[in-house]
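Here the structure comes first, spelled out in structure tokens, and everything after it is commentary.
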Amino acid sequence: MSKQKKFICGDDAVAEGVRLARPHVISAYPITPQTITVERLAEYVEEGSLKAEYLHVESEHSALSCAIGVSSVGARAFTATSSQGLLYMAEALPYASGARLPIVMMNANRSIATPWNIYGDQMDAMFLLNSGWIQYYVEDAQEAMDMMIQAYRLAETKEVMTPVMVNIDGFVLTHTYELVEIPEQSLVDEFLPPISMPENSMSLESPKSLCISAGNDTNMEFNMKQHFDMLNSEYFIEAIDKEFGDKFGRYYNGMLEGINMDDAEIALITTGTVTGTTRVVLKKLRKEGKKVGLIKLRVLRPFPVEKLAEVLKGVKAVGVIDKNISFGYEGTVFTNVNSALSTMENMPKTMNFIGGIGGRDITKEDIEIAYEKLFEFLQGEKIERVQYMNVRCDY
């Protein structure tokens, strides 16, 4: 049986994945660099290759509000956004997660204002790590497409029932063309069956209230239930990825992927497309005999605390590349990594590399310098724990 492959950009790959997932309703509001995705989905609906209602709403806030309404009656909903659009949705994000609605959204990671910038960093999604959504970060177009399918399977799992945000780097991935393998619809249908009416769905046959008020006698319990179910979703993230790989031949190692970690003395931790560049540098340094490794963080919520500690056993120093800044402190991923490693018996030294803000390139040379800094840090050199990659002025 021949496999279909298409040379498409990341936005198109997301649209292909959504089409294969058969959502009932797409609520769309265009914003660069996400626009191609919702345009392509509009074409699919128009030509009949996707049987769905396509609603062009008046704002990003309305796009998510519409998805909440759709999901609350047991239908499969999709929306997409980016940057200021995601922040405009911020009020509605906890409504979706608190109501345990299995919405899937693509966010094209992009810089936030001011100053205005249309290029990619991860400031937007990092602002909303606490919104109650599961968050994936993908490396390439193939993974972007595959994660749309996995995201619906995960979100709709009875024990999870949590919305999922799939983050893809603006322009570096959304507008870059790659060869993507498109699975057969019949196989996707076997992996992702039609959504069954969730227990929290509204219907005329079984009336119920959603988004209720809860005072201090019960509110904490609602939130803790949501929290522990997200923690327990780690099992399903791993299991669904394994099942996906068994069926389609592509495995993503669940929460994170360790590369050349068996004997690594130092390692870098990355999210998104910078992982691909780091793989190239890693290969070069390995040929030179340097014991370096790489960890690709795929999921930031829930955070893979135990798995990260396990893969870093024996590593002496680790650096985190952040495409964001928590102003006045450090990178957000770095903060999470340090917290996760704090209980390790022999916690490695940690260093933060902040780069890629506003779409600035993180080059192979920048990454090689980061590895060099880690070796110097390991040898006792006095180096600032937070490093700023390729900054053109001295503050």
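Readers should treat all values here as calculations from the given coordinates under stated rules, not as data from a laboratory. Just so it is clear, the model here is predicted, and its values are computed rather than measured. Note that each Cβ is placed from the backbone with ideal geometry, even for glycine, and that neighbours are counted across all protein chains shown.
Quote the FRET efficiency, to the nearest 0.05, computed for residue 363 versus residue 327 with a Förster distance R0 of 25 Å and r equal to the Cβ-Cβ distance.
0.50
May I ask you to list the residues of the stretch 332-371 whose amide nitrogen lies under 13 Å from a point 7 Å from Cα along the Cα→beta-carbon direction of residue 280?
Under cut-off, by backbone N: 361-368.
Enter the Cα centre distance for the pair the stretch 1-42 and the stretch 174-248, rounded to the nearest angstrom.
Centre-to-centre distance over Cα atoms comes out at 20 Å.
Check residue 352: other-chain or 5+ apart residues with amide H under 5 Å from its amide H, H built from backbone geometry?
320, 386, 387
Please say if the stretch 256-388 is rounded, prolate or oblate, where rounded means a/c under 1.5 for a ≥ b ≥ c the square roots of the C-alpha gyration tensor eigenvalues, and otherwise the choice is prolate for a/b larger than b/c and oblate otherwise?
Rounded is the answer for the stretch 256-388, as its axis ratio a/c remains below 1.5.
How large is ³J(HN,Hα) for each residue in the stretch 73-88, as worked out from phi by the Karplus curve 6.51 cos²θ - 1.76 cosθ + 1.60 (θ = phi - 60°), to whole Hz, x for Gly and Pro?
With coefficients 6.51, -1.76 and 1.60, one gets 9, x, 9, 8, 10, 9, 8, 8, 7, 6, 6, 4, x, 5, 5, 5 Hz.
Using the Cα centre of the chain as origin and beta-carbon charges of +1 (Lys, Arg) and -1 (Asp, Glu), tell me which of 337, 89, 204 is placed farthest towards the positive end of the dipole.
The residue sitting farthest along the positive end of the dipole is 337.
How far is it, in nm, from the label point at residue 189 to the one at residue 205 when both lie 7 Å from their Cα along the line to the Cβ?
Each label point is offset 7 Å from its Cα along the Cβ direction, giving 2.3 nm.
With +1 on the Cβ of every Lys and Arg and -1 on the Cβ of every Asp and Glu, and nothing else charged, how large is the dipole of the stretch 256-388 about its Cα centre, in debye rounded to the nearest 20?
Dipole magnitude for the stretch 256-388 comes out near 300 debye.
Which FRET efficiency, nearest 0.05, do residue 229 and residue 393 yield, Cβ-Cβ r, R0 45 Å?
Taking R0 as 45 Å, the efficiency between residue 229 and residue 393 is 0.45.
Using R₀ = 45 Å, calculate the FRET efficiency as 1/(1 + (r/R₀)^6) where r is the Cβ-Cβ separation of residue 178 and residue 84; round to 0.05.
According to the calculation, E is roughly 0.95.
Please build a GNM for the chain, connecting alpha carbons under 10 Å apart, and tell me which residue among 38, 188, 138 fluctuates the most.
Evaluated over the chain, the most mobile residue of the options is 188.
Quick one: angle between helix 364-378 and the longest Cα principal axis of the chain, in degrees between 0 and 90, rounded to 10, please.
Between helix and principal axis, roughly 60 degrees.
Can you tell me the orientation of helix 10-21 relative to the chain, as the angle in degrees between its alpha-carbon axis and the longest Cα principal axis, to the nearest 10?
40
Rg and Dmax in Å for the stretch 128-231, alpha carbons only: what are they?
When restricted to Cα atoms, the stretch 128-231 yields Rg and Dmax of 17.5, 54 Å.
Can you tell me the Rg and the Dmax, both Å, for the Cα atoms in the chain?
20.9, 69
How large are Rg and Dmax for the stretch 52-207 when calculated on the C-alpha trace, in angstrom?
Cα radius of gyration and Dmax of the stretch 52-207 are 15.8, 51 Å respectively.
Per the Kirkwood definition applied to all pairs of different Cα atoms, how many angstroms is the hydrodynamic radius of the stretch 14-136?
Taking the inverse mean of 1/r over all distinct Cα pairs, the stretch 14-136 comes out at 14.4 Å.
Tabulate in residue order the Karplus-calculated ³J(HN,Hα) for the stretch 234-246, using 6.51 cos²θ - 1.76 cosθ + 1.60 with θ = phi - 60°, rounded to whole Hz; enter x for Gly and Pro.
Rounded to whole hertz, the list is 3, 4, 6, 4, 5, 5, 5, 5, 5, 5, 4, x, 4.
Where a Cα-Cα gap under 22 Å defines reach, which lysines qualify for residue 373, not counting those fewer than 8 residues away within the same chain?
The reachable lysines, counting only those whose Cα sits under 22 Å from residue 373, are 283, 284, 287, 290, 291, 296, 313, 316, 323, 349, 364, 382.
What translational diffusion coefficient, to the nearest whole µm²/s, does the stretch 321-395 have by Stokes-Einstein, given a Kirkwood radius computed over alpha-carbon pairs, a temperature of 20 °C and 1.002 mPa s viscosity?
Translational diffusion coefficient: 161 µm²/s.
Could you pull out which residues in the stretch 351-382 have an amide N less than 11 Å from a spot 7 Å beyond the Cα of residue 335, following the Cα-Cβ vector?
none
Could you check the spin-label model distance between residue 260 and residue 218? Points 7 Å from the Cα along Cα→Cβ, value in nm.
Placing both labels 7 Å along Cα→Cβ, they lie 5.6 nm apart.
Could you list the chymotrypsin sites (Phe, Trp or Tyr not before Pro) in the stretch 67-118 that lie in coil according to DSSP, counting only those with at most 12 other Cβ atoms within 10 Å of their Cβ?
Sparse-neighbourhood loop chymotrypsin sites (Phe, Trp or Tyr not before Pro): 116.
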